Amino acid sequence: MRTTGRSMPPTDPRARGVLQPQLAVAIAVAIAGLVVNFISLRLSDQLVPWFPSVPDIIQARLPYVDFGVPGELVFIAFFATSVALLVTRQPRSVPAVLCLIGVFYAIRGVFMFVLPIGSPPTAPPVLNRFVLYPYASHAYFPGGHAGLMTILSLSIQDVRWRRVLLVATIVFGLGSVMARAHYTADVIAGGALGYALVAWGRTRLAPRAAPAPS
């Protein structure tokens, strides 16, 4: 059957249900998500008398590795590389990525408020671990680092860099579990949520339009 009219590509911002976030709006969404995340942690800290540990069958069979300082350095290098790639090579996708990050942290905040759990049973005391994240005694499910790194990795358009960053994400996730900084379920859930958001964003969030030629 022959159709009339011009079909609209799925990424066209005029398509039904597709948003084209502006940078200012995207920054606001990212900040709002982080605020929800930290407010949830703060409320849990005030309202929950104690945070129970949960058995982790996989983690219990893995050796302990002190992944504190090396892990944070890997994350900083990963984050800097991802941001540099986004800003220099695909700046029009930055607003969409910021929106995904904001939504991820908002969802994470809700989960951490309704499901406050403590450190893994075999984890050293928080005071004996190198952690930069506040509320390290109950900031677990889903894993924030795993989700953020998954979103950033999958948002990179260059295939080679995307593979490198995905490998770094997997190594970091495994290191987090072995260091008892996260449960196995935290890393899996964080990665799965990040993947789901990126898949949703590819159909619902369009890149910013290129500036009109002067």
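Values in this text are rule-based calculations from the coordinates and carry no lab data. For clarity, every value in this text was computed on a predicted model and none was experimentally measured. Note: ideal-geometry Cβ built from the backbone for every residue, glycine included; neighbour counts use all protein chains shown.
Residue-wise HN-Hα couplings along segment 111-120, as the Karplus relation 6.51 cos²θ - 1.76 cosθ + 1.60 with θ = phi - 60° gives them from phi, are 4, 5, 6, 8, 9, x, 10, x, 5, x Hz; Gly and Pro carry x. Residues whose amide H comes within less than 5 Å of that of Leu205, counting only those at least five positions distant or on another chain, are Leu19 (H built at 1.01 Å from N in the peptide plane).
Once the mean of 1/r is taken over each pair of separate Cα atoms and inverted, segment 66-106 shows a Kirkwood hydrodynamic radius of 11.5 Å. Which distance in nm do the two modelled labels at Val159 and Tyr195 give, with both placed 7 Å along the Cα-to-Cβ direction? Taking the simple label geometry, Val159 and Tyr195 are separated by 2.0 nm.
3J(HN,Hα) couplings calculated from phi for segment 176-185 with the Karplus curve 6.51 cos²θ - 1.76 cosθ + 1.60 (θ = phi - 60°) are, in sequence order, 5, 5, 5, 7, 6, 7, 8, 6, 4, 5 Hz; Gly and Pro show x.
Its Cα centre serving as origin, the chain has a Cβ charge dipole (Lys and Arg +1, Asp and Glu -1) of approximately 980 debye. When the charge dipole of the chain is built from unit charges on Cβ atoms (+1 for Lys and Arg, -1 for Asp and Glu) and taken about the Cα centre, the candidate among Pro95, Pro49, Phe78 whose Cα reaches farthest toward its positive end is Pro95. Across the options Ala136, Thr203, Ser153, the greatest Cα extent toward the positive end of the charge dipole of the chain (unit charges at beta carbon of Lys, Arg, Asp, Glu) belongs to Thr203. So what does log10 I(q)/I(0) come out to for the chain at q = 0.09, 0.16, 0.18 Å⁻¹, using the Debye formula with one equal point on every Cα and no solvent? Taking Cα atoms of the chain as identical point scatterers yields -0.40, -1.08, -1.30. Phi-derived couplings, Karplus 6.51 cos²θ - 1.76 cosθ + 1.60 at θ = phi - 60°, listed residue by residue for segment 191-199: x, 5, 5, x, 4, 4, 5, 5, 4 Hz, with x used for Gly and Pro.
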